[in-house]
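The values are calculated or read from the model by the stated rules, or taken from the named source; none is laboratory data. Model, not experiment: these values are computed from the prediction. FYI the Cβ positions are ideal-geometry reconstructions off the backbone, even for glycines, and counts take in every protein chain you see.
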Amino acid sequence: MKKNNTLKVVLIAMFITVLLTWIFPIGYFDTSMQTFQTDIRYPMGIFDIFYNLMIAALSFGYIGIYLLIVGAFYGVFEQTGAFRKISDKIAKLFKGKEYVFFATIITLLSVIIAFCGFCYELIFVLPLIASIILLMGYDKVTVALTYLSSITVGIMGSLFASNVAGIFASYLDTNYSDLIWFKIAILIIGIAVSTLYIMLRIKHKDIKKDTDKELIAEKYDLKTKKGKHRRIWPAIVIFDLIIVLMILGAIDYSGAFNIDIFDKFHEAVMAVKIGDYPIFARILGTAIQTSSSGASIGLGHWTSMELQTMIIFSTFIFLATIVLAIIYRIKPNEVFEGYKEGAKKFALGAVLVTVSYFFLVSTTYSPVILKILNPLLTLTNGFNAITYSFSYLVSSIFSVDVRYTADMLIPYVKTLVTDISTYPLIAFISQCMHGLTYFIAPTSFVLLSVITYLKVSYKDWLKSSWVLFIALFVISFILFIINMVIV
């Protein structure tokens, strides 16, 4: 990564966060007293910085581990030869049909995210997308734009994702179906605008110069004992199976569609006993019996809000890696080498993603953000879409995580805005602003994991993405205004 630009930006953001705790006193909403509380300053010292980094690593380090496991999978997947063959076939299929390719990829990823709420889980498909786009002759920024615009638009248009739309629904007592046509509108328009922006950009004469061979799958030609080329369909089946399991596991069947069959099935399986011994519960392990909150962890509850979910996904991917090695008869030393080389590509991303949670930990222990934003939130009586949008955007930059941002901001906003008819719009604005944060903020674990893998500096990313960011931001506000006019 050129001159470690991204690392420098993260360090600067950390310095600003620490500085804010020295300038502003803390301010938070006391839910028991239903009042805004302010207190003395709690400035972060040198040992506090390292303490918060340690807490971030202990509490959220599993995300970094997930990235390393994904990298290890691709290290072995590449050795099967299937990775390169799939990349070549898709690149060749869409030659001269780039608009169709980008529109298809962005649509598929955005819709999956709108239903499932994946934030970093779909990093699983990033190396494949990168290999295809680079083979098509485009640059790494095009890869980043394709992937990150999909994540952003999917979060902005979240329809039935329990860890995005579901969180705002729980805090604001709204329903998934509220403003659903506006959510669909931002999905459709966002997909169209993102695709159009990428197509306009790649027509620029200097775009087709960057082909990073390290990110393009290498050619491997594995043969059977009889000298025949090994088929790629087993690798395709395994790869697709992982994606299908992720999607099926994340759709909120009970909360969004009132379908509880999967919850009952999970409970029934876990209750099976041989004598007094719960056989399946012991074989599968306690990690997938219930979540940390005591809720079911069966199909429909595999969201990024739970550690257990990442254990499940990581286990699937790790087992798939072993199965690939067995099917394609890859030697153990080559498997370990694949693990090492694949994980190495995500190593810096794993570190920075973990560090990105420093901002959440720091602003939780020294809650200055709500104190800073309080004058803006109370600038007008009642609900103000402009001040709330800006407040949520700033909050999410520091809180990083959807649930933590909602928990910090929304309970207080509900005391300022008593007209419950505006709550669906507040929920819609919240998910739009959070999606935009993932796209542009240097604290975004989604952004950091992508640009570090692609070796795109934050400066280069900002130069290439700010126009699309503004476009999506303006489109969001137009929809906010339309809603306020017609409701």
Item to check | Any hit, the range 271-278, residues being surrounded by 13 or more Cβ atoms within 10 Å (Cβ to Cβ), touching a helix residue (DSSP H, G or I) at 6+ places or on another chain (Cβ under 6 Å) and either small (G, A, S) or not in a strand (DSSP E or B) (or both) | outcome: no
Checklist entry - When V143 is evaluated against the numbered criteria (1) within 18 Å of T107 (Cβ to Cβ); (2) more than 20 Å from the chain's Cα centre (by Cα), which criterion, by number, is the only one it fails? => result (2)
Next on the checklist: Scan the range 234-242 and tell me whether some residue there is more than 26 Å from the chain's Cα centre (by Cα), on the phi < 0 side of the Ramachandran plot, modelled with pLDDT of 75 or more and surrounded by 15 or more Cβ atoms within 10 Å (Cβ to Cβ).
Outcome noted: yes
Checklist entry - Out of all the residues in the range 12-55, which are touching a residue at least 12 places away in the same chain (Cβ under 8 Å) and in a loop (DSSP other than H, G, I, E, B)? => result F24, P25, I26, T31, Q34, D39, I40, R41, Y42, P43, M44
Checklist outcome for this item: Note on the range 311-340: residues assigned to a helix (DSSP H, G or I), more than 19 Å from the chain's Cα centre (by Cα) and crowded, with 18+ Cβ neighbours inside 10 Å are A320, T321, L324, A325, V335, G338, Y339
Item to check | For N483: the one exception among (1) touching a helix residue (DSSP H, G or I) at 6+ places or on another chain (Cβ under 6 Å); (2) surrounded by fewer than 20 Cβ atoms within 10 Å (Cβ to Cβ); (3) closer than 30 Å to F346 by Cβ | outcome: (3)
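Name the residues in the range 384-415 that are among the aliphatic types (A, V, I, L, M) and outside any helix (DSSP H, G or I), would you? Outline the logic, then answer.
Initially, the range 384-415 is screened for residues among the aliphatic types (A, V, I, L, M), giving 385-386, 393-394, 397, 400, 402, 406, 408-410, 413.
Within the range 384-415, just V400 meets the criteria.
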Next on the checklist: I'd like to know if the range 19-32 contains one or more residues that are modelled with pLDDT of 90 or more, surrounded by 20 or more Cβ atoms within 10 Å (Cβ to Cβ) and not aliphatic (A, V, I, L, M).
Outcome noted: yes
Next on the checklist: If a residue must be over 22 Å from S476 (Cα atoms) and either over 13 Å from the mean Cα position of the chain (by Cα) or among the aromatic types (F, W, Y) (or both), how many such residues does the range 430-450 contain?
Outcome noted: 1
Checklist outcome for this item: Of the residues in the range 123-134, those that are surrounded by fewer than 24 Cβ atoms within 10 Å (Cβ to Cβ) and out of contact with any Leu (no Cβ under 9 Å at 6 or more places or on another chain) come to F124, L128
Next on the checklist: Tell me yes or no: at least one residue of the range 360-383 is out of contact with any Phe, Trp or Tyr (no Cβ under 9 Å at 6 or more places or on another chain), touching a residue at least 40 places away in the same chain (Cβ under 8 Å), part of a helix (DSSP H, G or I) and of a type outside the set (V, I, T).
Outcome noted: no
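Surrounded by fewer than 24 Cβ atoms within 10 Å (Cβ to Cβ) and not in a loop (DSSP other than H, G, I, E, B): is that true of G137 in this structure?
On the way: surrounded by fewer than 24 Cβ atoms within 10 Å (Cβ to Cβ): yes; not in a loop (DSSP other than H, G, I, E, B): no.
No; evaluated as a whole, the condition is false for this residue.
I'd like the residue in the range 140-188 that is in a loop (DSSP other than H, G, I, E, B) and small (G, A, S) and, out of all such residues, is farthest from L393 (Cα to Cα). Steps first, please.
Going through the range 140-188, the residues in a loop (DSSP other than H, G, I, E, B) turn out to be 157-164, 173-179.
Then keep just the ones that are small (G, A, S); that gives 157-158, 161-162, 177.
Numbers: G157: 16, S158: 17, A161: 20, S162: 20, S177: 24 Å.
Of everything passing the filter in the range 140-188, S177 is farthest from L393 (Cα to Cα).
Condition check: crowded, with 21+ Cβ neighbours inside 10 Å and modelled with pLDDT of 90 or more. Does L373 satisfy that?
On the way: crowded, with 21+ Cβ neighbours inside 10 Å: yes; modelled with pLDDT of 90 or more: yes.
Yes, satisfied.
Just to be sure before I move on: is K85 under 30 Å from E214 (Cα atoms), surrounded by fewer than 17 Cβ atoms within 10 Å (Cβ to Cβ) and more than 27 Å from the chain's Cα centre (by Cα) in the structure I sent? Write out each step before concluding.
Numbers: under 30 Å from E214 (Cα atoms): yes; surrounded by fewer than 17 Cβ atoms within 10 Å (Cβ to Cβ): no; more than 27 Å from the chain's Cα centre (by Cα): yes.
For K85, the condition - under 30 Å from E214 (Cα atoms), surrounded by fewer than 17 Cβ atoms within 10 Å (Cβ to Cβ) and more than 27 Å from the chain's Cα centre (by Cα) - is not met.
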Next on the checklist: So in the range 416-464, with the set limited to residues that are among the basic types (K, R) and in a helix (DSSP H, G or I), which one is nearest to A56 (Cα to Cα)?
Outcome noted: K459
